[in-house]
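The structure appears below as structure tokens.
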Amino acid sequence: MSTGPVVEMVEVGRDYHRGGEVVHALVELSLSLDAGELVALVGPSGCGKSTALNLAAAVDRPDRGSVRVCGLDIARVAEDELVTLRRRRIGMVFQAFHLVPHLTVEENVTLPLALDGRRDADRVRGLIDRVGLAHRAGHYPSELSGGEQQRTAVARALVHQPRVVVADEPTGNLDSRTGAAVIELLDELRRSEGAALLLATHDAKVAAAADRIYELADGRLVGCG
Ligand SMILES: Nc1ncnc2c1ncn2[C@@H]1O[C@H](COP(=O)(O)OP(=O)(O)O)[C@@H](O)[C@H]1O
Ligand SMILES: [Mg+2]
């Protein structure tokens, strides 16, 4: 496994424009995520966690400062390079699961491979088995519990062997026991796959699993431990 940062942000600024007003969502944020690490971003709603995760996932670009993801300076590279980076190297887990409703568990987990023009039925079935959903492989998201939906999303996030997984409040729609089980599963899988995980949460128990915790307030880093 390679070492060194897979995500490196240096003095990043990101603004949103709302009406005539500018919202400074991130202000001079510097952080790094090394290969194989689990890092948590914590802080109250609106502090900039999702904005930071979108930069780490190369879904968005910074207004100021630099963001390197797997060695690419995402403010500078062309959009098609970002698309390839996201397809090959990034996995995402969301609070509201974001499964495709008209696809089965198996089809949802296949999606990242299919988007990259690949097929690997054994890999897909193996991961579905590891998240404990072999008996649900042919089911649709509406037929699953919240925990089962999020386990499907975890398998989907890892199927293409990403270097970086970002998880935005992945336990936010789950009860605490189900949420803890999902985090345990996500952590176990990303370790065995050698991926780094950047996790946004406002649950201190979830953050406790992290190698490092960055605390944000009003878009600024106010603590790191
Ligand atoms: N698309 C957007 N347009 C305008 N303001 C936004 C947008 N997305 C986020 N914001 C604002 O940016 C700040 C940071 O938001 P966000 O990163 O979503 O925080 P968190 O994930 O910690 O709740 C908040 O003030 C929020 O209202
Ligand atoms: Mg958020």
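The values are calculated or read from the model by the stated rules, or taken from the named source; none is laboratory data. Because the structure is a prediction, the values reported are computed rather than measured. Please note: Cβ atoms are built from the backbone with ideal geometry, for glycine as well, and neighbour counts cover all protein chains shown.
Of these, 156, 191, which one is closer than 19 Å to residue 35 by Cβ and out of contact with any Ser or Thr (no Cβ under 8 Å at 6 or more places or on another chain)?
191
Counting only residues that are modelled with pLDDT of 95 or more, over 25 Å from residue 149 (Cα atoms) and within 16 Å of ligand 2 (Cβ to nearest atom), give me the strands (runs of 3 or more DSSP E) lying completely in the range 1-114 with at least 1 of them. Give the derivation first.
Values: elements: 5-18, 21-34, 38-42, 64-69, 90-94.
It comes to 5-18, 21-34.
For residue 167, all conditions in the list (1) away from ligand 2 (no atom under 16 Å from the Cβ); (2) within 25 Å of residue 104 (Cβ to Cβ); (3) surrounded by 15 or more Cβ atoms within 10 Å (Cβ to Cβ); (4) small (Gly, Ala, Ser) hold save one; what is the number of the exception?
Every listed condition holds for residue 167 apart from (1).
Those residues that are closer than 18 Å to residue 162 by Cα and β-branched (Val, Ile, Thr), I need them from the range 68-90; list them, please.
Answer for the range 68-90, where residues must be closer than 18 Å to residue 162 by Cα and β-branched (Val, Ile, Thr): 69, 74, 83, 84, 90.
Table: residues versus (1) of a type in the set (A, V, I, L, M, F, W, C); (2) within 16 Å of ligand 1 (Cβ to nearest atom); (3) part of a loop (DSSP other than H, G, I, E, B).
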position: 178; (1), (2), (3): no, no, no
position: 184; (1), (2), (3): no, no, no
position: 189; (1), (2), (3): yes, no, no
position: 192; (1), (2), (3): no, no, no
position: 198; (1), (2), (3): yes, yes, no
position: 209; (1), (2), (3): yes, no, yes
position: 213; (1), (2), (3): yes, yes, no
position: 216; (1), (2), (3): yes, yes, no
position: 223; (1), (2), (3): no, yes, no
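Can you find, within the range 46-68, the residue that is farthest from residue 7 (Cα to Cα) among those that are of a type in the set (Gly, Ala, Ser) and in contact with a Leu (Cβ under 8 Å, 6 or more places away or on another chain)?
48
If you take the residues of the range 41-52 that are under 17 Å from residue 225 (Cβ atoms) and not hydrophobic (A, V, I, L, M, F, W, C), which of them is farthest from ligand 1 (Cβ to nearest atom)?
In this case the residue turns out to be 43.
Among the numbered conditions (1) in contact with a Ser or Thr (Cβ under 9 Å, 6 or more places away or on another chain); (2) more than 22 Å from residue 159 (Cβ to Cβ); (3) basic (Lys, Arg), tell me where residue 130 comes up short.
All conditions pass for residue 130, except number (2).
In the set 200, 204, 210, which member is more than 18 Å from residue 56 (Cα to Cα) and of a type in the set (A, V, I, L, M)? Reasoning before the result, please.
On the way: 200 fails: more than 18 Å from residue 56 (Cα to Cα); 210 fails: more than 18 Å from residue 56 (Cα to Cα).
Answer to the check: 204.
Given the residues 136, 177, which is the only one that is basic (Lys, Arg) and either modelled with pLDDT of 95 or more or within 16 Å of ligand 2 (Cβ to nearest atom) (or both)?
Working: 177 fails: either modelled with pLDDT of 95 or more or within 16 Å of ligand 2 (Cβ to nearest atom) (or both).
Testing whether each residue is basic (Lys, Arg) and either modelled with pLDDT of 95 or more or within 16 Å of ligand 2 (Cβ to nearest atom) (or both) leaves just 136.
Six or more apart or on different chains, Cβ atoms under 7 Å: show the pairs whose first residue is in the range 14-35 and closer than 15 Å to residue 166 by Cβ and whose second is part of a strand (DSSP E or B) and aromatic (Phe, Trp, Tyr).
What qualifies is 31/214.
Among the listed residues 38, 55, 33, which satisfies the condition of being buried (at least 17 other Cβ atoms within 10 Å of the Cβ) and within 14 Å of ligand 1 (Cβ to nearest atom)? Before you say what the answer is, go through the steps one by one.
On the way: 38 fails: within 14 Å of ligand 1 (Cβ to nearest atom); 33 fails: within 14 Å of ligand 1 (Cβ to nearest atom).
From the options 38, 55, 33, the qualifying one is 55.
Take the residues in the range 135-159 that are of a type in the set (Lys, Arg) and out of contact with any Pro (no Cβ under 7 Å at 6 or more places or on another chain); name whichever of them is farthest from residue 193 (Cα to Cα). Don't jump to the end; show me each part of the working.
Pass one, the range 135-159, residues of a type in the set (Lys, Arg): 136, 151, 156.
From the residues that got through so far, the ones that are out of contact with any Pro (no Cβ under 7 Å at 6 or more places or on another chain) too are 136, 151.
Details: 136: 23, 151: 16 Å.
Once the filter is applied, the top-ranked residue is 136.
So which of 14, 61 is basic (Lys, Arg) and surrounded by fewer than 21 Cβ atoms within 10 Å (Cβ to Cβ)?
The conditions single out 61.
Among the residues of the range 58-67, which ones are more than 16 Å from residue 162 (Cβ to Cβ) and more than 12 Å from ligand 1 (Cβ to nearest atom)? Can you show your working first?
At the first step, the residues of the range 58-67 found to be more than 16 Å from residue 162 (Cβ to Cβ) are 60-67.
61, 62, 63, 64, 65, 66, 67, listed by residue number.
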